[in-house]
Amino acid sequence: MYLVKTPRFMQSLFPNYTWNIKTDEKVLYLTFDDGPIPEVTPWVLEQLAKYNAKATFFCVGDNVRKHPSVFQQVLAEGHSVGNHTYNHLNGWSTDNIPFFHNVRHCAQLVNSGLFRPPYGRLTPSQTQFLTRHYRIVMWDVLSGDFDTSITKENVLDNVVLSAKRGSIVVFHDSLKAFERMQYALPRVLEHFSSKGYRFENLKGVVPKLERKTFMAAAAAL
């Protein structure tokens, strides 16, 4: 069970998380989780380039290790990146110290002050520790492209009907999501572009925090 549109009351319960970007401009912030992988990520980059769109990729460290050239392509094309743990760990089912070490392992490959927890799941103590060193980026629109029980048209509608100015939208550059994302992403780009929107990454919009202290603190655990 998941919510396509994150309710305001839920956002207010976690004010230290970034859910959207406050703006009066017609701008969306597309994000992609779980890559980079050669089967999907280069295709995503090709679609974004057609609209001069910039996005933010929350990368799994092990995928960066396995596919460094794809990761470098993401950076070379002007997109921003964030830490998504090294092994896509669920914070609710992982003890703190192994979780922090896993984030640190990813940080050795992904130089970013942005962090998104897999599944959006962190315990209060994990949140407290990580917010000292990272900007934790959630979302206010979840495309649902990972959900094999819905159609590709549903994924498109989830974004078109829910996104508004400043929305942070989640897609996945993964094999599981590809069929639905492959249909929805070009149509999302075309739909919002035709309405005068632009697409930006989160670099500079969400300020970086001090990562060096996190590396030292996690290493000492």
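The values are calculated or read from the model by the stated rules, or taken from the named source; none is laboratory data. Since this is a predicted model, take the numbers as computed values, not measurements. All Cβ positions, glycine included, derive from the backbone under ideal geometry; neighbour counts span all protein chains shown.
Scanning region 9-29 for residues that are surrounded by fewer than 10 Cβ atoms within 10 Å (Cβ to Cβ) and not aliphatic (A, V, I, L, M) turns up F9, S12, P15, K22, D24. Scanning region 174-208 for residues that are in a helix (DSSP H, G or I) and either among the polar types (S, T, N, Q) or crowded, with 21+ Cβ neighbours inside 10 Å (or both) yields A177, R180, M181, Q182, A184, L185, V188, F192, S193, S194. Criterion first (touching a helix residue (DSSP H, G or I) at 6+ places or on another chain (Cβ under 7 Å), over 24 Å from S193 (Cα atoms) and either basic (K, R) or surrounded by fewer than 23 Cβ atoms within 10 Å (Cβ to Cβ) (or both)) does V70 satisfy it? Criteria met by V70. Taken over region 120-138, the residue count meeting the criterion of being free of Cβ contacts under 8 Å to residues at least 60 places away in the same chain, in a loop (DSSP other than H, G, I, E, B) and surrounded by fewer than 21 Cβ atoms within 10 Å (Cβ to Cβ) is 2. Just wondering, is there one or more residues in region 139-155 that are out of contact with any helix residue (DSSP H, G or I) (no Cβ under 8 Å at 6 or more places or on another chain), buried (at least 23 other Cβ atoms within 10 Å of the Cβ), modelled with pLDDT of 95 or more and not aromatic (F, W, Y)? No: zero hits. For region 44-61, a residue qualifies if it is surrounded by 16 or more Cβ atoms within 10 Å (Cβ to Cβ) and more than 16 Å from the chain's Cα centre (by Cα), and the qualifying residues are Q47, Y51. Among the helices (runs of 4 or more DSSP H) confined wholly to region 1-119, which include 1 or more residues that are among the charged types (D, E, K, R)? Correct list: 8-13, 41-50, 61-66, 96-107. The residues in region 69-113 that are under 23 Å from V206 (Cβ atoms) and hydroxyl-bearing (S, T, Y) can be counted, and the count is 4. For region 88-108, the count of residues that are under 13 Å from the mean Cα position of the chain (by Cα) and either buried (at least 16 other Cβ atoms within 10 Å of the Cβ) or modelled with pLDDT under 95 (or both) is nonzero.
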